[in-house]
């Protein structure tokens, strides 16, 4: 979104991939959404969680495997 402005402020030429992204923002936004959705689904599907009290681990589903 701000690649051209940032590159201009830094005094460096804008890379081609930033030009490509700025020309098709909607496509990259939709792609980013789907990638984020896949990652978050994968993280949630483990069912793992941990309980801590005063920075001490009380229970870890990862360790017990139950």
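Just so it is clear, none of the values below were taken in a lab; they were calculated from the coordinates. All of these numbers come straight from a predicted model, not from anything done at the bench.
Can you bin the range 3-64 into rounded, prolate or oblate? Criterion: square roots of the alpha carbon gyration tensor eigenvalues sorted a ≥ b ≥ c, rounded for a/c under 1.5, prolate for a/b above b/c, oblate for the rest. It comes out oblate by the Cα gyration axes. Mean sequence separation of contacting Cα pairs (under 8 Å, at least six apart), scaled by the length of the chain, corresponds to a relative contact order of 17 percent.
A straight chain from residue 28 to residue 54 at 0.36 nm per residue would run longer than the Cα-Cα distance by 5.2 nm.
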